[in-house]
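Have a look at the structure below before the remarks.
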Amino acid sequence: MTETPSAFYARPGSRLGDLITLLHVPYTLWHLSYVVIGAALATRVDGLRLTGTLLAFFFGLGIGAHALDELHDRPLGTRLSPATLRLLGWGGLAAGGAVAIAGAFVISPVALVWGAAGVLLAAAYALAWSSVLHSDIGFAVAWGAFPVLVGYWAQTEALSVAAVVVAAAAATLSLSQRALSTPARHVRRRAATASADIGDARWDKSTLLATWEHPLRLLAVAHGLLAIGLLLTHL
């Protein structure tokens with residue numbers, strides 16, 4: 001019997017596949033879209049500032065936090081060595097911090113505060129330093145609301161009621177992501193078999209997983225398209 005991959009986007013079997021799996025590509029793009037959505041709320045979008053903000057989150061979240069999370073308790077089951085994961089984890093956070101330092105010169109010294117907050121949130125969540133941060137609410141704030149606020153601030157050097165409301169929406173959408181992904185992860189990684197009787201039909205493990213993961217795939221695509229569409233309004 002073939003073992004079920006640890007995630008629907010997992011590519012086990014090779015070092016390259018493990019690296020691709022580590023990036024959590026659909027979810028990383030999903031949360032990078034919040035940076036773009038936050039930036040698009042501004043009257044004018046500066047391409048250099050947006051690029052820098054996206055790079056900071058890609059390095060810090062897409063690489064750093066995910067590598068440290070895998071180092072902490074191996075949720076993806078990759079065969080990457082602890083040394084590799086430490087290099088990617090702390091190196092990713094360092095690269096994100098370096099972008100924030102550059103932002104201090106390009107935008108404002110306040111960029112250092114946002115950068116420090118981002119590194120702290122990423123490391124604290126991934127390594128479970130705090131039960132408050134390593135929770136659904138902590139995830140919603142760090143992976144949903146925070147990217148929107150930083151994306152908007154990087155463009156305007158201020159915050160607004162609209163940005164806060166959109167950040168709250170992003171946090172709520174992140175909670176919906178968790179509501180779908182948590183049972184899917186449980187079934188994928190802990191259940192050898194799973195089935196349910198639904199009326200006259202019997203759903204097997206793959207059918208059950210699809211009830212959670214198909215919406216997740218669609219939501220990841222929808223967030224990316226929404227971000228692109230909002231950005232195009234500034235062209």
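None of the figures in this text is laboratory data; all of them are computed from the coordinates on show. As the structure is a prediction and not an experimental result, all values here were calculated from the model. Cβ placement follows ideal geometry from the backbone for every residue including glycine, while neighbour counts extend to all protein chains displayed.
Data table
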read-out	value
Neighbour-count ranking [beta-carbon atoms within 10 angstrom, fewest first] of Asp73, Asp46, Asp136	Asp73, Asp136, Asp46
Estimated FRET transfer efficiency when R0 is 30 angstrom, pair Ala168-Leu232 (beta carbons, to 0.05)	0.75
Acute angle (nearest 10 degrees) that the helix 161-190 long axis makes with the longest principal axis of the chain, alpha-carbon atoms	20 degrees
Ellipticity estimate at 222 nm from DSSP helix runs (n ≥ 4, -39,500 (n - 2.57)) divided over the chain, nearest 500	-22500 deg cm²/dmol
For the stretch 66-106 versus the stretch 108-177, the gap between their alpha-carbon centres in whole angstrom	18 Å
Net charge of neighbours whose Cβ lies under 15 Å from the Cβ of Gly52, counting Lys and Arg as +1 and Asp and Glu as -1	-1
Local electrostatic count, Gly17, Cβ distance below 10 Å [Lys/Arg +1, Asp/Glu -1]	+2
Proxy reagent accessibility, fewest Cβ within 10 Å first, across Leu127, Leu216	Leu127, Leu216
